[in-house]
């Protein structure tokens, strides 16, 4: 599966082989986001797994993973007296990292915890990471081996072995996530002199490489001002989202040249979640999907980003008028 998209009436999964879509039956998933945070999901980089919080008797009781290949759901219970308050989840390879707080009483007004569990749904092995070696979640991204998260002065890279996170210093203020290239040798961030405030202003884009001494060396992408960097498409191009521009754009990190890439459609909770490997696959023009989506129909290129097919990704790429 290459993408999962929120739609009226539930989640829609997009086939990785045919481009067809269908409703996903994820037992315990909360479409209404009740309790808060329980609608969050995560799609593994290869599109095989969909992780989500599962709710039973009005409380978040743990996490679950839907296996696209077998159509089976595996659960991981977290024993608490009053349920969980979800904090975040992300896939690193075939392991789901998740963090939640345990409510202290039935009022659900206070909670404690927040450490991270690394869980392999294939064999149900799990490891709890110490609180001081756990990501806080919120602006995290993932590589095949680690979780990358801003720390105020740069980024921390967390690994499943429970070691202290490796830190990389970034001398300039930035906003949002740091996205890592496929070879794990470069980071890209959007600069922002006042990252604690949000006014929708566009800022410069910078590509950073480790300097070997705990810091980074940055190169500004010429002429580009944007709001959010989403992913690396290949060694030379980044995907960015700029407010007021309908399409996601490709940015050449050497020249600053931009080109429209794909146009995401609107979606319901929990938004659109693309398998990370899909960002680097080929695209072609395809019809836009119907609105609202009808699960009885078969549509190639549904939802904004569609179909990873044996080495090729079909993306709905709608031409945007200048």
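Below are the figures for this structure:
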| read-out | value |
| --- | --- |
| Peptides 149-158, 192-201 ordered by average Cβ neighbours within 10 Å, highest first | 149-158, 192-201 |
| Cα principal axis extents for the chain, largest first, Å | 55, 51, 36 |
| Length-normalised contact order of the chain in % [C-alpha pairs under 8 Å, at least 6 apart] | 17 percent |
| Förster-model FRET efficiency, 35 Å R0, residue 172 and residue 110, C-beta, rounded to 0.05 | 0.40 |
| Spin-label pair residue 201/residue 183, simplified geometry with 7 Å Cα→Cβ offset, distance in nm | 3.5 nm |
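Here, each number is a calculation from the coordinates, and none is a lab measurement. On a predicted model such as this, the values are computed, not experimentally measured, just so you know. Neighbour counts are summed over all protein chains in view; Cβ atoms, including those assigned to glycine, are modelled from backbone coordinates with ideal geometry.
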